[in-house]
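Below is one structure, written out as structure tokens; comments come after it.
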Amino acid sequence: MFNKKRSLSLSKRKQMKRDILLNEISRDGGRCDVLVIGGGATGLGIAVDAASRGYRVVLLEQSDFAKGTSSRSTKLVHGGVRYLAQGDLRLVTGALRERGLMRRNAPHLVRNMRFIIGNYRWWEQPFYTIGLTFYDLLAGSLGLGRSLPLLKSTVMREIPGLKQRGLRGGVVYHDGQFDDARMAVTLAQTAADHGAVCLNYVKVDGLTRDDKGLVNGVKATDQLTGRPYGLLARVVINATGVFIDDILRMDDPAAKPKVRPSQGVHLVVDSKFLGGNSALMIPKTRDGRVLFGVPWHGKVVLGTTDTPIDKPELEPRALEEEVAFILEQAGEYLDRQPSRQDVLSVFAGLRPLAAPTGPGRKKTKEISRNHKIYKSASGLLTITGGKWTTYREMAEEVIDEAIRSGRLERRKCVTRGLKLHGYTGNRDDSSWNYVYGSDAAKIEALVRENPGNGTLLHKDYPFHVAHVLWAIREEQAQTVEDVLARRLRMLVLDARAAIEMAPRVASILAGELGKDNDWEKQQLLDFNSQAKGYLLNGVV
Ligand SMILES: Cc1cc2nc3c(=O)[nH]c(=O)nc-3n(C[C@H](O)[C@H](O)[C@H](O)COP(=O)(O)OP(=O)(O)OC[C@H]3O[C@@H](n4cnc5c(N)ncnc54)[C@H](O)[C@@H]3O)c2cc1C
């Protein structure tokens, strides 16, 4: 273990500037207490936990923050009604507690949403009302509102697009909803506020060891410049989602696989398909899963599926049968069946499910969504499984584990009550700017300083030049994709409109980052080729 006095000298800061942070990690051998590999929900949650306990933290993400699974979720902050039906009370109770804490600590990003289950058979209303009342009871004082039976007329008022034929009534319950990629950026900013260095586009390509053979750091490469880095850490945590086995094999080439990736696909359609502000929950699809139709940033997100995948990809693609399944199942419940032409964007994500250790090969939908922590003989800690909703609890447990292993001195977790970056109690959903919380005022100031910054990027959407400047200057956006997929969410809201906005975004990026015309052209080629994968007919 190295001398703590020589550790990376990180002051508390309120910024995420990539070049300044890269300089910081190249000084003094890049020594830190906790080195986190992976900038998704899990890794960023760990960075927040460790930094807020006062440890010196570096987080390295090979691509952009939340490029992996963490920008491709159903966007629910939930206990998991489905897991209640499966009898997994421990998972549901823990997730309900985390749901409440997440809403309490980031009310600007997590909203309370009404979910409606339409009832078509006589027994469904009492059955779901009883089950969901139990769900409410498990949430205790952190509940979001009571589940109640609804008259048919109320169901139709809340979801005018629901099929009326045979509808007898319904049940409403409450869960949280959020913007996953925006939450990831918020976590990176929160970690930075507490002194952590969180860097995107730095890939870990090897582990280093001390003379006892224990992992004491990483070798990494800046993906934008090719510059190599060596960093020393008292504890290294592998939080790379579906890629954890790659890191585990860097530690031990014979390591057994610990993750079972399972793909889930979502289709985004116009809000007219639901027609209201409440979400639709279909409790049992043909394959025995639940299907959601959730209003999100003025559109509706339909999904999802559960398809086992052998080889993890950073940019997974929806399978034809997954798309057909969602369209068909949604069509059974909606007045107007969405067709392929109605799909504004299709996106796929891979659940990093913790591989079960028991006999037999379970279907992925049967694998528990609980998380697991693995301790390697070398001291490397690996964490997988879980949900976005449980990121805080996962982080607390893995840092506690590092303390138990003697690698960190004992310090108490403070994240239960830790307000996230941008916290504000005054959420105004009427404009996109609510996602920035208290930072929204700074974006509005950019427009006041220079009215040109108020120019819209697209006539149909509320994003303007100032949003792009903010993403580049304050949120480490490096590429057109970073801006349009994860800072402004356009790629998943409307892929065709995102392609139309791309030239303007590329030009702003080139100006801000000092890049030439060739770079700008290449950005456009890269983005358009990626965006085609989000269009069902693939034609740009
Ligand atoms: C379809 C779907 C729907 C879901 N819906 C919900 C939901 O509604 N609510 C909910 O609570 N949960 C949901 N989840 C679960 C949730 O999204 C995941 O549990 C969570 O996002 C996993 O985060 P992660 O950080 O472990 O993985 P990831 O987000 O994949 O992050 C891992 C990161 O590690 C990086 N990485 C990999 N290798 C390296 C390396 N060598 N060096 C540096 N970085 C590296 C990757 O680039 C990646 O960004 C859903 C999941 C899916 C797939």
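Please determine, in degrees from 0 to 90 and to the nearest 10, the orientation of helix 440-449 with respect to the longest principal axis defined by the Cα atoms of the chain, where the helix direction is its Cα long axis.
80
Would you mind ranking Leu408, Leu151 so that the residue whose beta carbon has the fewest other beta carbons within 10 Å leads the list? Walk me through the numbers on the way to the answer.
Details: Leu408 19, Leu151 11.
If I rank by nearby Cβ atoms, fewest first, I get Leu151, Leu408.
How far apart, in nm, are the 7 Å Cα→Cβ label points at Ser153 and Asp270?
Rounded to a tenth, the inter-label distance reads 2.9 nm.
So, with +1 on the Cβ of K and R and -1 on the Cβ of D and E, and no other charges, what is the size of the charge dipole of region 1-160 about its Cα centre, to the nearest 20 debye?
Its charge dipole is roughly 480 debye.
How many lysine pairs does region 240-368 hold where the Cα atoms are under 22 Å apart and the two sit 8 or more places apart or on different chains?
The result is 15.
With a ≥ b ≥ c taken as the square roots of the eigenvalues of the C-alpha gyration tensor of region 429-507, please select rounded if a/c is under 1.5 and otherwise prolate if a/b is larger than b/c or oblate if it is not? Let's see the in-between values first.
Details: a/c = 1.41, a/b = 1.38, b/c = 1.02.
In terms of gyration-tensor shape, rounded.
Within 10 Å, count the other beta carbons around each residue, average over each peptide in 423-430, 29-36, 304-311, 494-501, and list them highest first.
Averaged packing, sorted descending, gives the order 29-36, 494-501, 304-311, 423-430.
May I ask you to derive the relative contact order of the chain, considering only C-alpha pairs under 8 Å and at least 6 residues apart, and to give it as an integer percent? If you can, show how the numbers build up before the last one.
On the way: 1137 pairs, mean separation 100.0, N = 540.
Relative contact order comes out at 19 percent.
For region 375-415, take N as its residue count and report Rg(C-alpha) divided by 2.2 N^0.38 Å.
Scaled against compact globular proteins, the figure is 1.22.
Using the 10 angstrom Cβ neighbour count as an exposure proxy, how do His458, His464 rank, fewest first?
Ranking His458, His464 by Cβ neighbours within 10 Å, fewest first, gives His458, His464.
Could you tell me the relative contact order of region 148-187? Use alpha-carbon pairs under 8 Å, at least six residues apart, and round to a whole percent.
46
Just how large is the dipole of region 315-423 about the Cα centre, in debye to the nearest 20, putting +1 at every Lys and Arg Cβ and -1 at every Asp and Glu Cβ?
Values: 20 positive and 15 negative charges, 162 e Å.
Charge dipole of region 315-423: 780 debye, to the nearest 20.
Taking the Cα atoms only, what angle lies between the long axis of helix 89-105 and the longest principal axis of the chain, rounded to 10 degrees?
The answer is roughly 80 degrees.
Within region 412-540, how many Lys pairs sit with Cα atoms under 30 Å apart, leaving out pairs fewer than 8 places apart on the same chain? All intermediate terms of the calculation are to be shown ahead of the outcome.
Numbers: Lys419/Lys442; Lys442/Lys459; Lys442/Lys515; Lys459/Lys515; Lys459/Lys521; Lys459/Lys532; Lys515/Lys532; Lys521/Lys532.
Lysine pairs meeting the criterion: 8.
As a test of understanding, state the convex hull volume per residue of region 317-438 from its alpha carbons, in Å³.
Convex hull volume per residue, Cα atoms: 209 Å³.
Counting only pairs 8 or more residues apart or on different chains, how many lysine pairs in region 3-147 have their Cα atoms under 29 Å apart?
Value for region 3-147: 11.
Considering all alpha-carbon pairs of region 395-533, what whole percent are spaced by more than 22 angstrom?
49
Given Cβ point charges of +1 (Lys, Arg) and -1 (Asp, Glu) and nothing else, what value in debye, to the nearest 20, does the dipole of the chain about its Cα centre take?
Taking the Cα centre of the chain as origin, the dipole is about 1520 debye.
Once you have the alpha carbon radius of gyration of region 239-378, what is it after dividing by 2.2 N^0.38 Å, with N set to its residue count?
1.22
Sort the following peptides by mean Cβ neighbour count (other Cβ atoms within 10 Å, averaged over residues), highest first: 171-179, 275-283, 45-53.
Answer by packing, highest mean first, reads 45-53, 171-179, 275-283.
Can you give the helix-only mean residue ellipticity at 222 nm for the chain, where every DSSP H stretch with n ≥ 4 adds -39500 (n - 2.57) and the sum goes over all residues, rounded to the nearest 500 deg cm²/dmol?
Taken over the chain, the calculation gives -10000 deg cm²/dmol.
I'd like the antiparallel share, as a percent to the nearest 5, of DSSP beta bridges with both residues in the chain. Don't skip to the answer; put the middle values down first.
Details: 59 of 76 bridges.
So the antiparallel bridges in the chain amount to around 80 percent.
Highest mean first, what order results for 214-222, 246-254, 339-347 on Cβ atoms within 10 Å? Could the numbers behind the result be given before it?
Numbers: 214-222: 20.8, 246-254: 15.2, 339-347: 17.8.
The most tightly packed comes first, giving 214-222, 339-347, 246-254.
Angle, helix 41-52 long axis vs. longest principal axis of the chain, Cα atoms, 0 to 90°, nearest 10?
In the chain, helix 41-52 runs at an angle near 50 degrees to the longest axis.
Over the chain, what portion of Cα pair distances is larger than 30 Å, expressed as a whole percent?
49
Measure of size requested: the Rg and Dmax of region 86-188, with Cα atoms as the atom set and Å as the unit; please supply both.
Using the Cα atoms of region 86-188, the pair Rg, Dmax is 15.5, 48 Å.
State, as an integer percentage, the relative contact order of region 319-433 based on alpha-carbon contacts under 8 Å between residues 6 or more apart.
Over region 319-433, the number comes to 13 percent.
Compute the Cα gyration tensor for region 239-282, then decide on rounded, prolate or oblate, letting a ≥ b ≥ c be the square roots of its eigenvalues: rounded whenever a/c is under 1.5, prolate when a/b is larger than b/c in the other cases, and oblate in all that remain.
prolate
All of the numbers you see were taken from the coordinates with simple rules; none came from a lab. Please read these numbers as outputs of a predicted model, since none were measured by experiment. Glycine gets a Cβ as well: all are built from the backbone with ideal geometry, and neighbour counts include every protein chain shown.
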